[in-house]
Amino acid sequence: MSIALLAQEKYTISGYIKDVTNGETLIGATVYIPGTSKGVSSNEYGFYSLSLESGDYTIDYSYLGYETQSKEIQLSQNITMDVELGFEANTLVEVVVKAEAEDRNVTELEMSVEKLDISTIKSLPAFLGEVEIIRSIQLLPGVSTVGEGATGFNVRGGSIDQNLVLLDEAPVYNSSHLFGFFSVFNPDAVKDVKLYKGGIPARYGGRLSSILDVRMKEGNSKNFEMNGGIGLIFSRLSIEAPIIKDKASFIVAGRRSYADVLAQPFLNDDLKDSKLNFYDLTAKANYNINEKNRVFLSGYFGRDNFGFGDQAGFSWGNSTGTLRWNHLFSEKLFSNITMFYSDYDYKISFGNESANKFDWNASIENVSIKPELTYFLNPNNILRFGGQSIIYTFKPGQAIGVSEGETTDISLDNKYAIENGLYVENEQNFDNGIKINYGLRWSNFLYTGKGTAYEFAPSPIPGQQSFPTSSTDYDQWEVIKAYNNLEPRFSIKVPLPKSSSLKASYNRTAQNIHLVSNTTASTPVDVWTPSTNNIKPALADQVALGYFKNFGDNSYEFSSEIYYKKMNRLVDYIDGADLLLNTFLEGDLLEGQGRAYGLELQLKKKKGKFTGWVAYTIARTERQVDGINNSEWYASRFDQLHNLNISGFYEFNDRWSCSAVFSYVSGTPATFPTSRYEIGPYIVPHNGNDTRNNVRIPSYHRLDFSATYKGKQNKEKRWDGEWVFGVYNLYNRKNPFSIFVRPEFDAEAGAMINTEAIQLSVIGNFIPSISYNFTFK
């Protein structure tokens with residue numbers, strides 16, 4: 001009996017997996033026993049835990065782009081083993097194949113998940129030569145944008161506010177600089193980018209369509225390192241170094257554009273003080289207190305400034321701060337507690353005289369605490385559970401106007417809310433290769449005072465404005481309305497013969513805050529509002545089915561996914577809605593439903609001098625709102641039937657490489673008049689059929705190209721540099737962003753004689769660029 005019990009006794013090997021050159025932890029590194037199905041991946045902090053029966057084992061540690069390490073161990077007690085993986089440039093091809101860990105694309109449970117390595121993002125052609133994370137993920141299947149100059153992105157038929165964008169777990173409410181041409185993420189400070197389009201685990205909540213999880217570097221814990229770049233629009237610089245070698249480190253990264261500085265000599269006196277710039281600062285520090293405790297502190301501060309002399313100004317920006325504490329209760333129980341602060345605000349001002357001016361400030365602030373625990377039950381079960389509480393402060397508008405010395409305050413009251421969530425999920429592996437993840441999330445949302453809540457009488461005519469009938473005043477944090485939702489999540493992977501698998505997922509998601517915008521593309525002055533007694537939380541149910549296969553000695557990856565998403569309680573608008581500084585905004589809002597369905601195909605080539613991918617999506621996105629479009633279904637403003645992206649990379653030698661991207665997207669819908677009124681000398685366009693999005697603008701297509709020239713490779717050299725030459729919109733395509741109708745005025749007749757459609761192109765020419773990037777160690 002004692003011999004049998006001894007044979008069944010299990011022990012745990014655990015630790016952290018890091019990069020040998022800089023000490024950065026590796027997310028998703030694989031730990032497995034060759035010849036068996038036993039293995040585990042490192043979590044978001046590089047930690048792994050694997051429990052096995054006592055005995056002698058060979059354990060392989062691998063990560064994409066790194067050389068696999070094999071460790072021989074005798075497991076007769078719990079072992080802590082930290083592993084550092086290294087990379088050798090002259091074995092790149094072999095390493096990429098080995099690091100796939102037995103065909104990861106096929107064997108892993110995840111589906112509807114896209115992960116872009118930062119080195120791949122840096123290799124893509126970019127606008128004005130500047131690396132851009134948000135525009136890079138738009139090259140993936142199921143991800144789109146309504147056009148150049150549009151902020152944010154759309155995922156599987158969702159609007160941009162349905163994406164939860166996280167930077168070190170803190171939400172970023174406007175992820176773009178310069179109206180969408182650049183993102184707020186400095187590539188020199190980013191370690192990992194992961195996009196969940198479906199199969200969203202229960203540990204994530206708060207948005208309907210996607211989670212973009214961006215993780216920052218911790219900073220080089222071994223040596224001083226400086227990275228930077230000089231471009232046509234802005235320059236960037238990052239510094240990282242150990243505070244205490246292998247124990248504490250930091251990184252600070254900054255960027256600043258200088259179009260306004262270059263333009264100063266050419267501006268007249270009235271515009272001498274004009275501003276046209278953006279900047280951001282990203283910083284992070286970490287400290288290993290001991291083997292069981294580690295703390296992280298990170299922050300982001302960024303702003304866009306537009307000023308026309310001293311007559312008018314417009315600025316907006318994000319600020320975030322995150323404090324995290326990792327604690328090991330045991331070899332099997334890992335915990336993380338996150339506290340964050342996030343703020344997005346914008347400011348508008350007109351006039352430079354104290355007697356005649358207008359100032360408008362608005363913001364959304366939140367603070368949160370988020371405890372999470374991961375329990376590595378055994379090699380076949382990983383249990384995750386935790387919760388989160390968020391306190392919101394919405395400041396929709398503090399607006400004060402002064403005219404001839406008389407002050408008018410048209411500010412709106414602040415709004416407050418508290419969001420809570422609890423979740424539990426389990427990832428389970430079976431001996432036959434089947435893997436499942438099942439979980440449940442409970443979300444609770446409290447719309448609270450201090451403030452006035454209005455009751456609205458339903459409009460007798462669907463689609464028309466509603467008017468308030470009564471109001472009630474509430475004290476600070478007094479609950480006005482409470483909402484509760486259960487969000488089940490489920491994913492499954494079934495192995496198939498010949499290096500292939502079938503995957504399926506279902507998730508329900510709830511969204512309690514909403515972006516109020518009736519423009520085709522979001523603008524920095526759009527208004528965020530909580531769910532209220534009149535606005536309900538939005539809900540979405542999505543199912544997806546996928547087939548995955550690798551072939552050609554693991555050189556090619558193929559995936560195909562079909563999905564269907566049903567959305568309820570979506571915010572829509574009456575025709576002519578007044579969204580800015582409107583006390584009775586809720587009376588201009590409507591509740592609708594949506595549906596999105598499509599097929600996503602992707603083929604990747606990962607090995608050899610030529611690599612890249614082809615991504616194609618055919619999809620539909622529709623909305624239905626009573627009283628709009630005759631209460632019939634209509635195409636949403638970001639509906640695109642076809643979306644094709646081809647990305648290719650070629651390495652000529654160790655110094656020259658090039659890349660190219662071709663994109664084709666079907667035109668987006670727009671609402672055009674179907675008739676017109678002629679009243680005296682005036683022409684008034686009119687939509688006589690009460691239709692919405694009744695025409696489409698022409699399709700969008702573009703080719704970008706870049707070439708990179710690296711300096712001579714020398715391990716003894718501390719300075720490495722590279723030149724990047726690029727052309728955006730190579731064949732000079734004038735892609736339409738929007739089309740609008742305007743009357744044509746005849747000066748001789750003194751009347752409007754015709755109406756004409758005008759096509760607006762944000763970029764109508766090819767744009768060459770050159771930039772220089774460097775590293776100093």
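The values are calculated or read from the model by the stated rules, or taken from the named source; none is laboratory data. The structure presented is a predicted model; accordingly, all values stated were derived computationally and were not measured. Please note: Cβ atoms are built from the backbone with ideal geometry, for glycine as well, and neighbour counts cover all protein chains shown. Side chains included, ligands, DNA and RNA excluded: accessible areas come from the protein's heavy atoms. Shrake-Rupley method; radii C 1.70, N 1.55, O 1.52, S 1.80 Å.
Structural remarks
- Members of segment 593-609 found to be of a type in the set (G, A, S) and surrounded by 18 or more Cβ atoms within 10 Å (Cβ to Cβ), listed by number: G594, A596, G598
- Scan segment 223-242 for residues that are in a loop (DSSP other than H, G, I, E, B) and closer than 16 Å to K717 by Cβ and the total you get is 2.
- Restricted to segment 545-558, and to residues there that are modelled with pLDDT of 95 or more and open to solvent by less than 20 Å² (accessible area, probe 1.4 Å), the residue that is nearest to E600 (Cα to Cα) is G546.
- Cross-chain or 6+ apart pairs with Cβ under 9 Å, segment 474-503 first and in contact (Cβ under 8 Å) with a residue 60 or more places away in the chain and on the phi > 0 side of the Ramachandran plot, then open to solvent by 70 Å² or more (accessible area, probe 1.4 Å) and assigned to a loop (DSSP other than H, G, I, E, B): W477/K450
- Flag if I628 is open to solvent by 50 Å² or more (accessible area, probe 1.4 Å) and either of a type outside the set (S, T, Y) or touching an Asp or Glu at 6+ places or on another chain (Cβ under 6 Å) (or both): no
- Residue match in segment 577-588 (condition: open to solvent by 30 Å² or more (accessible area, probe 1.4 Å) and in contact with a Lys or Arg (Cβ under 7 Å, 6 or more places away or on another chain)): no
- Taken as a whole, the structure places L167 among residues that are modelled with pLDDT of 95 or more and under 28 Å from K777 (Cα atoms).
- Residue check, I767 modelled with pLDDT of 80 or more and of a type in the set (A, V, I, L, M, F, W, C): yes
- Selected residue (criterion: farthest from T617 (Cα to Cα)) from residues of segment 669-698 that are β-branched (V, I, T) and in contact with a Gly (Cβ under 7 Å, 6 or more places away or on another chain): T674
- Matching option when the condition is assigned to a loop (DSSP other than H, G, I, E, B), modelled with pLDDT under 90, open to solvent by less than 60 Å² (accessible area, probe 1.4 Å) and in contact with a strand residue (DSSP E or B) (Cβ under 7 Å, 6 or more places away or on another chain), among P736, P743: P736
- A count restricted to segment 534-569 and to residues that are outside any strand (DSSP E or B) and out of contact with any helix residue (DSSP H, G or I) (no Cβ under 9 Å at 6 or more places or on another chain) stands at 3.
- Candidates H701, H642 - the one that is touching a strand residue (DSSP E or B) at 6+ places or on another chain (Cβ under 8 Å) and either within 21 Å of G764 (Cα to Cα) or without any contact (Cβ under 8 Å) to a residue 12 or more places away in the chain (or both): H701
- Residues that are closer than 23 Å to K503 by Cβ and within 23 Å of the chain's Cα centre (by Cα), drawn from segment 553-595: S559, S560, E561, I562, Y563, Y564, K565, K566, M567, R595
- Against the criterion of being out of contact with any His (no Cβ under 9 Å at 6 or more places or on another chain) and closer than 30 Å to V40 by Cβ, G463 does not qualify.
- Filtered residues of segment 425-436 (kept if of a type in the set (A, V, I, L, M) and within 12 Å of F490 (Cα to Cα)): I436
- Note on segment 758-770: residues that are in contact (Cβ under 8 Å) with a residue 24 or more places away in the chain and touching a strand residue (DSSP E or B) at 6+ places or on another chain (Cβ under 8 Å) total 8.
- Residues (surrounded by 15 or more Cβ atoms within 10 Å (Cβ to Cβ), part of a strand (DSSP E or B) and acidic (D, E)) located in segment 331-357: D343, D345
- So N533, is it crowded, with 20+ Cβ neighbours inside 10 Å and either under 28 Å from the mean Cα position of the chain (by Cα) or within 28 Å of T393 (Cβ to Cβ) (or both): no
- Listed conditions (1) closer than 29 Å to E148 by Cβ; (2) in a strand (DSSP E or B); (3) out of contact with any Leu (no Cβ under 9 Å at 6 or more places or on another chain); (4) not basic (K, R) are all met by D575, apart from (2).
- Among (1) among the hydrophobic types (A, V, I, L, M, F, W, C); (2) over 26 Å from the mean Cα position of the chain (by Cα); (3) buried (at least 19 other Cβ atoms within 10 Å of the Cβ), the one test that A510 misses: (2)
- Tally, over segment 362-404, of residues that are closer than 30 Å to F445 by Cβ, of a type in the set (S, T, N, Q) and either crowded, with 16+ Cβ neighbours inside 10 Å or at pLDDT below 90 (or both): 6
- Applying the criterion of being touching a strand residue (DSSP E or B) at 6+ places or on another chain (Cβ under 8 Å) and exposed (fewer than 15 other Cβ atoms within 10 Å of the Cβ) to the residues of segment 1-26, the residue that is modelled with the highest pLDDT is K10.
- Count of residues meeting criterion [part of a strand (DSSP E or B) and touching a Pro at 6+ places or on another chain (Cβ under 9 Å)] in segment 403-434: 8
- Residues satisfying the stated conditions in segment 134-153, i.e. assigned to a strand (DSSP E or B) and either under 15 Å from F181 (Cβ atoms) or open to solvent by 10 Å² or more (accessible area, probe 1.4 Å) (or both): S144
- Counting only strands (runs of 3 or more DSSP E) that sit completely within segment 596-680, those holding 1 or more residues that are at pLDDT 90 or above and under 23 Å from the mean Cα position of the chain (by Cα) correspond to 610-624, 642-651, 656-665.
- In the set (1) open to solvent by less than 80 Å² (accessible area, probe 1.4 Å); (2) within 30 Å of G627 (Cα to Cα); (3) polar (S, T, N, Q); (4) assigned to a strand (DSSP E or B), N437 fails one condition alone, (2).
- From the options N429, N444, residue that is within 30 Å of P497 (Cα to Cα), open to solvent by less than 40 Å² (accessible area, probe 1.4 Å) and touching a strand residue (DSSP E or B) at 6+ places or on another chain (Cβ under 8 Å): N429
- Residue ID - most open to solvent (accessible area, probe 1.4 Å), chosen from residues in segment 183-203 that are part of a loop (DSSP other than H, G, I, E, B) and either closer than 25 Å to D280 by Cβ or basic (K, R) (or both): R203
- When segment 253-282 is limited to residues that are within 21 Å of S176 (Cβ to Cβ) and among the small types (G, A, S), the one that is modelled with the lowest pLDDT turns out to be A259.
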